[in-house]
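Everything below concerns the one structure shown next.
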Amino acid sequence: MAPSPSIFASMSKVRLSPSRVNDFNNCPQLYKYRAIDQLPEKISLDAERGTLVHSILHDLFDSPAAERTFLKAVELLPEIWSKQQEEKPELAALIPNSKEWSDRVYALLETYFELEQPQSFEATFREIHVELDLRDDVYLHGYVDRLDVAPSGEVRIVDYKTGKAPKPGWEDKALFQLRIYALVYWRTQGVIPKLLQLIYLGDGQILKNSPSESDLRAAENALMRVADDIIQATETNTWRPKPSRLCDWCSFKDICPAFKG
Ligand code: SF4
């Protein structure tokens, strides 16, 4: 199959992020639609709710420690939600019951306050962009929800999830995203983060892990393999659809070769 000139033009360097790696591993065709064609997608209310909760938890740490309460978080909601709707005016029509929507957000925030006491620590960095040239032809980056540096210098990387914790046996897959951030931190700062923490507000679980050097080297090797696979797919312009349960939520099902005809 002939390579696509437009794909080559945009792929002088492979740009990897945890989301794009996940896309490619889940379905190379999905990766192409998102990362290369950059096609628009349907609005996902779960994703919008996640964005709202993330923004509230981000802004909460602007307040002095003593004021970081559940009530403060609830107070932040209307303004942040208005801004989000201004950016996506079509959102309002998708939410017929705004009380139900707000109640769900309150429940997620309530769960957050059961799991952490934001009055008791400082968030050193929030929504921090981390990046690294993994190889001459591979750029790696991502946004870390929270990166806390303790007075002792120990580093904790935290990510909020509005869904539920993974089932037993799937923890490593979930932790891969944070290992990527830990790898970038290690390679750029020379320190391996002490703790990785996934906070699941959907069911009140916290998944914790202390990464070892070999964990991060394994993550690095896995990233290299994905990068090589993406380069090969690009050079041959071959993007294999990989049907799964994800197809039911995929914005591109109507144009996907796995479903056309
Ligand atoms: S519909 Fe399924 S197979 Fe097709 S691109 Fe989406 S996830 Fe991949």
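The values are calculated or read from the model by the stated rules, or taken from the named source; none is laboratory data. Every value quoted in this text rests on a predicted model; they were computed, and no experiment measured them. Glycine gets a Cβ as well: all are built from the backbone with ideal geometry, and neighbour counts include every protein chain shown. Just so you know, the surface numbers come from the protein's heavy atoms only, side chains and all, with ligands and any DNA or RNA stripped out. Shrake-Rupley method; radii C 1.70, N 1.55, O 1.52, S 1.80 Å.
Working out 0.36 nm times the residue gap between residue 44 and residue 253, then minus their Cα-Cα distance, what length gain in nm do you get to one decimal?
Working: separation 209, 0.36 × 209 = 75.24 nm, distance 1.49 nm.
73.8 nm is the gain from fully extending residue 44 to residue 253.
Just to confirm the filter: which chymotrypsin sites (Phe, Trp or Tyr not before Pro) across the stretch 111-210 are DSSP coil and have at most 16 other Cβ within 10 angstrom of their Cβ? Show your work: numbers first, answer last.
Working: sites: 112, 113, 121, 125, 139, 143, 160, 170, 176, 181, 185, 186, 200; in loops: 121, 170.
When the chymotrypsin sites (Phe, Trp or Tyr not before Pro) of the stretch 111-210 are filtered for loop state and at most 16 Cβ neighbours within 10 Å, 121, 170 remain.
Highest first, please rank the peptides 38-49, 188-199 by the mean number of other Cβ atoms sitting within 10 Å of their residues.
Numbers: 38-49: 12.0, 188-199: 17.0.
Ranking, from highest mean packing down: 188-199, 38-49.
At q = 0.20, 0.22, 0.27 Å⁻¹, what is the base-10 log of I(q)/I(0) for the stretch 45-120 according to the Debye formula with one equal point scatterer per Cα and no solvent? Please give it to two decimals.
So the normalised log intensities work out to -0.84, -0.99, -1.38.
From the mean inverse distance of alpha carbon pairs (Kirkwood) and the Cα radius of gyration, derive Rg over Rh for the stretch 125-223. Please list the in-between numbers first.
Working: Rg = 13.3 Å, Rh = 13.8 Å.
Checking Rg against Rh, the ratio lands at 0.96.
Mind grabbing the accessible area of residue 86 for me, 1.4 Å probe, Å², rounded to tens?
140
Largest first and in whole Å, what are the equivalent-ellipsoid semi-axes of the chain based on the Cα gyration tensor, each being the root of 5 times an eigenvalue?
With the √(5λ) rule applied to the chain, the semi-axes are 32, 26, 16 Å.
Based on Cβ point charges of +1 for Lys and Arg and -1 for Asp and Glu, what charge dipole magnitude is obtained for the chain about its Cα centre, in debye rounded to the nearest 20? All intermediate terms of the calculation are to be shown ahead of the outcome.
Values: 32 positive and 39 negative charges, 168 e Å.
Roughly 800 debye, rounded to the nearest 20.
Can you tell me what share of the DSSP beta bridges in the stretch 150-261 is antiparallel? A percent to the nearest 5 is fine. Present the calculation step by step, with values, prior to reporting the outcome.
Details: 5 of 11 bridges.
The answer is about 45 percent antiparallel.
Classify the stretch 27-156 from the C-alpha gyration tensor, please: rounded if a/c falls under 1.5, else prolate or oblate depending on whether a/b exceeds b/c. Don't skip to the answer; put the middle values down first.
Details: a/c = 2.54, a/b = 1.08, b/c = 2.36.
In terms of gyration-tensor shape, oblate.
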